[in-house]
Structures are given as C-alpha cells and as structure tokens.
Amino acid sequence: MKSESITRPARGEDKAPTPVWQPPRLGKGGPSPQVEQALSDVRSKIYPRSVSGIYAHWRIIMVFVTQAVFYGLPWLQWNGRQAVLFDLAARKFYIFGMVLWPQDVIYLAVLLVLSALSLFLFTAMAGRLFCGYACPQTVYTEIFMWVERKIEGDRIKRIRLDEAPWSWRKLRIKATKHIVWIFIAWWTGSTFIGYFAPIRELGMGLITFTLGPWQWFWMVFYSFATWGNAGFMREAVCKYMCPYARFQSVMVDDDTFVVTYDHVRGEPRGGRSRKIDHKEAGMGDCVDCSLCVQVCPTGIDIRDGLQYMCIGCGACVDACDQVMDKMGYDQGLIRYTSGRAITQRLTQQQARRRLLRPRVLIYWAILLAIAVAFVVSLSTRSTLRMDIIRDRGTLGREVPGGIIENVYRLQFINTAESDLVLELSAVGMPGLSVEDTGTGSSIVRLEAASNTLIPVVVKAPAAQAPPGLHNIALSGAGHYPQGGEIHVLEKTSFFVPR
Ligand code: SF4
Ligand code: SF4
C-alpha cells in the first residue's frame, strides 16, 4: 500500500509538497479506487513480527503500569468505600477523599480541558506518544497480540495457520486463543463496569448470577467491544476511526520529535554484502530489508515519511537498530527526532533544545495556570453547600401571637464523609428565628455525603417588621466529629404582608 505522507519530505527531497487528502468519491460504477483501496486495507490482515529493544520494553512497562492502575483501582478502599466510584445512580462521584456532586461538574469540565491541553502539549513536543504507549486501543492490541503469539506462534506460523484449511489442530489453536481473549475481554469489561457500580457487589452478583439486566448488558457490551477492537479491528481503529490521527498534523511541526526515517543517511537504499564499503559504492545505510515494515502494527513503511497511520510506537526503531548492529552501522537510521534535525543535520542535543519553542511554552504556561487554579479551587472547596428555595405557594403569613412566618426549603449538600450537626439561624431583621418544620428545632442533622432537603419556617415578631420585602440571610453553623468548624450563609428575602 502506498501510504499518505503528511509533513515529512519524501526521500531524496528536502521540500516535498504536502499531499492534500481527497475525500473518496462514489460514482455510478461502484466505489472509487480510493474506497476500493481503503476497503482492501481493512480486509487485509496485518501480521506484525515481534521485536525486542528499548521501545518494546517501554511498551511492555506501559502495559503493566496502565493495566495495574485500571484493574487495581476499583478494588482500592478509602474511608470504608470504593476509592474511585462514579456512582451514576446516586449522582455522586467518589475520587479518593473527594465526593463530587452534579453541581461540581465544572471540575470534571476543567479536568477534560487539562487532558486536552496536555494532549496538545505532548503532541507538539513528541508526536503520538500517547497512541504508542498508553492508548487503550494500543495497550489491549498489544496484550491480545502477545496471547496470539504465545498460542499461534510468530508471524510466519500465524500466516501459515490462517492459510491452512480447517482441521482439528487449527480449530483447537483458534478456540484456545479465543477462549483466552474472551476471558481477558470479560475481565476488562467487568472492571470497567466496576468504576460505575461497586465492584465487590458486582463480583458477588457475577458469581451468584444476581446481576441486573443493565449490568449484564453493559458488561457484555464492553467485553464484546474489547474482544472486537483488540482482536480484530486493531490498527483499523487507529487508521479509520480515531479522530486524533486526523488532526495530529496540525499539532506537529518541523521541531516535533516523531519516529523519523533519516532519508539523507539511508538513501539510496538497497541490498548489499556486509563486506563491501557501501559508501564507496554510493549506497545509503538502508539495506532495504523491510523489517521496519514487518514489525509495524499498522503495516506502514516509515521510509515514505511521517504518516497519519503511524502511532509512534517505535517498533520500527527497534527493528532497524538491530539491522544496523548486524551491519556494523551506527544505530538511529530510524529514530525519534525532528524533521528539522534530519534536513539541517542537527545533533539530538540541538534538536532537543528546539523543543522548547514559543508555541510549546505557551501550552505549558496555560496548562500550569489552569492546573494551579484547579488544585487551589479543589483544595479550598467548602464541604458544605446550602441553597435556599422559597416556598412560592405562601410568600408570608401572620399567625396567632403576632408572628410573621415565611416558609423555605433548604437544600444541603454535605460532601464530607462524616455526619454533621448544624444550628440554623437568620440575620437581617430583629427577632428572627428558624425552625425545621418537621422537628420544630433549629438543630438539623445531615448525613455523610448526602444531599438533604429540609423545609424550615422563619419567624419574626410582626411588631418589629414593617410590611414589604426585607433582605435577610440564613446561616448554618456546626462542626464535624473529627474536628473542623463549618459555616454557611445564604442571602434571601423575608416577606411581611400588610
Ligand atoms: S529496517 Fe532499517 S535497514 Fe531495514 S528496510 Fe527498514 S530502514 Fe532500511
Ligand atoms: S511506522 Fe514505526 S512507529 Fe509508526 S506505527 Fe509503524 S512501527 Fe510504529
């Protein structure tokens, strides 16, 4: 397949024009050649060869780190409950010591902004590092391919097995692979659901077959998605479905570190004997062994330049370094470096210095400013919030004894994980008092991590209150059992009828 080059010059040229992507056209006679090509690419299975090396080790480390976090986090306990739980039914998000309510959605929005900015920043500096090492699609594909290699063998064995007619042996090998894949997919799907429903109850429900229909549905759905994406779709997700691949070209520039083939050093390519002096023979360092293509999980040839299908995994770097070692040439014919470093023959140190360019510094400044504001706002967030809802049915009334009453509903959100006893009071007019209409007391009890609605009546002596609307404020004061005083104050109005 001829790959689409997006930023890097083609070999032998310093300034190749950037090809403009043309949308495929559907004409009368069926799909256009581009569509035919794309469909053919989707259909043709890629058999990446296994490779070892520094970047392969990093990919394995990242698989362990990301999966230890993903599978382990829902089992972690905090204050006697699940440390991280997005309890959609109760509309509460527990994140370690924090309890977030729908009113705190701003924090989640800021988190998304921070994630997007981080992606822009790291892409501007080092291309698609996230795709190559931490994206769930890459990580699960890596796990599934590892299982496939262990059961079916390396590249050639897998190709032969797929080409062989069906037999008991083939059926046994394929069935074993799918059983292991389905187990991993099921575990992954169940763990994912465990972020939204208590995972211990989920585990018990799974063992005793007492899960609800929605829990079964989502568990099967995510397991199936994992099995399909990592087992079958693989690189097609990166190539045809991932939007990030499409807009990365606007985030990288000539100083971004990406996996790059050094065409100046490598060309003209060609096979040769190890004994000949290839420079004297007018040849470049590339021996045209195609190993870099064989190990590529997306099946592209990095020698055609940077392509949107390249996930920056570095497998071709490891493969090429091994070839260079065997040939006795310097490593790094394919390496993480910038386009400018290749065309202007900069050293890695010079290229690294250019990473901190104005655009990257601006990204850093914005990211740090938002991150600091986020942390400060979160750490100084009050654990108690009070909202006053006026009873619109009865604005104000005079009751026997010369007392004016106004009725309100107080909504308390206690985000702390301990009960709270509050004493209610009102200020703004002489002689004001507040009572819970249920208990007749000014003392109210709020449960830990609760959202409580309490109807209250505010009273004032009629003699002290001229008719009309008066500005007052209701307040609640108390302290948590483990220490720490809390006080909330909200403004409202008090109506005195004529
Ligand atoms: S692995 Fe290196 S030497 Fe072999 S074809 Fe690729 S770039 Fe050339
Ligand atoms: S070209 Fe190299 S870095 Fe890019 S996806 Fe293929 S193997 Fe990974």
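The values are calculated or read from the model by the stated rules, or taken from the named source; none is laboratory data. Bear in mind that the values here come from a model prediction, so they are computed numbers and not experimental data. Neighbour counts run over all protein chains shown; Cβ positions are idealised from the backbone, glycine included.
Data table
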quantity: Exclusive hit being exposed (fewer than 15 other Cβ atoms within 10 Å of the Cβ), modelled with pLDDT of 95 or more, under 30 Å from residue 487 (Cβ atoms) and of a type in the set (Val, Ile, Thr), set 376, 372; calculated: 372
quantity: Residues that are of a type outside the set (Ser, Thr, Tyr), part of a loop (DSSP other than H, G, I, E, B) and modelled with pLDDT of 90 or more, drawn from the range 235-270; calculated: 254, 255, 257, 262, 267, 268, 269, 270
quantity: Residue 236 vs. criteria more than 18 Å from the chain's Cα centre (by Cα) and closer than 30 Å to residue 254 by Cα; calculated: yes
quantity: Selection from the range 249-270 of residues that are more than 10 Å from ligand 1 (Cβ to nearest atom) and over 41 Å from the mean Cα position of the chain (by Cα); calculated: 268
quantity: Residue 284, sole failed condition from (1) more than 7 Å from ligand 1 (Cβ to nearest atom); (2) in contact (Cβ under 8 Å) with a residue 60 or more places away in the chain; calculated: (2)
quantity: Every residue from the range 74-89 that is under 19 Å from residue 192 (Cβ atoms) and part of a loop (DSSP other than H, G, I, E, B); calculated: 76, 83, 88, 89
quantity: Extreme residue, surrounded by the most Cβ atoms within 10 Å (Cβ to Cβ), among residues of the range 284-302 that are over 37 Å from the mean Cα position of the chain (by Cα) and within 24 Å of residue 346 (Cβ to Cβ); calculated: 286
quantity: Counted residues, the range 133-160 - those being over 24 Å from residue 68 (Cα atoms) and surrounded by fewer than 18 Cβ atoms within 10 Å (Cβ to Cβ); calculated: 7
quantity: Residue within the range 292-303 that is within 11 Å of ligand 1 (Cβ to nearest atom), of a type outside the set (A, V, I, L, M, F, W, C) and over 15 Å from residue 51 (Cβ atoms) present; calculated: yes
quantity: Unmet criterion (only one of (1) of a type in the set (A, V, I, L, M, F, W, C); (2) at pLDDT below 95; (3) on the phi < 0 side of the Ramachandran plot) for residue 209; calculated: (3)
quantity: Single condition residue 290 does not satisfy, out of (1) out of contact with any Ser or Thr (no Cβ under 7 Å at 6 or more places or on another chain); (2) in contact (Cβ under 8 Å) with a residue 60 or more places away in the chain; (3) hydroxyl-bearing (Ser, Thr, Tyr); (4) within 14 Å of ligand 2 (Cβ to nearest atom); calculated: (2)
quantity: Looking only at the range 271-281, and only at residues there that are within 16 Å of ligand 1 (Cβ to nearest atom) and among the basic types (Lys, Arg), the one that is surrounded by the most Cβ atoms within 10 Å (Cβ to Cβ); calculated: 272
quantity: Residues of the range 459-486 that turn out to be out of contact with any Gly (no Cβ under 7 Å at 6 or more places or on another chain) and under 15 Å from residue 387 (Cα atoms), as a count; calculated: 4
quantity: Looking only at the range 313-353, and only at residues there that are more than 16 Å from ligand 1 (Cβ to nearest atom) and buried (at least 17 other Cβ atoms within 10 Å of the Cβ), the one that is nearest to the chain's Cα centre (by Cα); calculated: 338
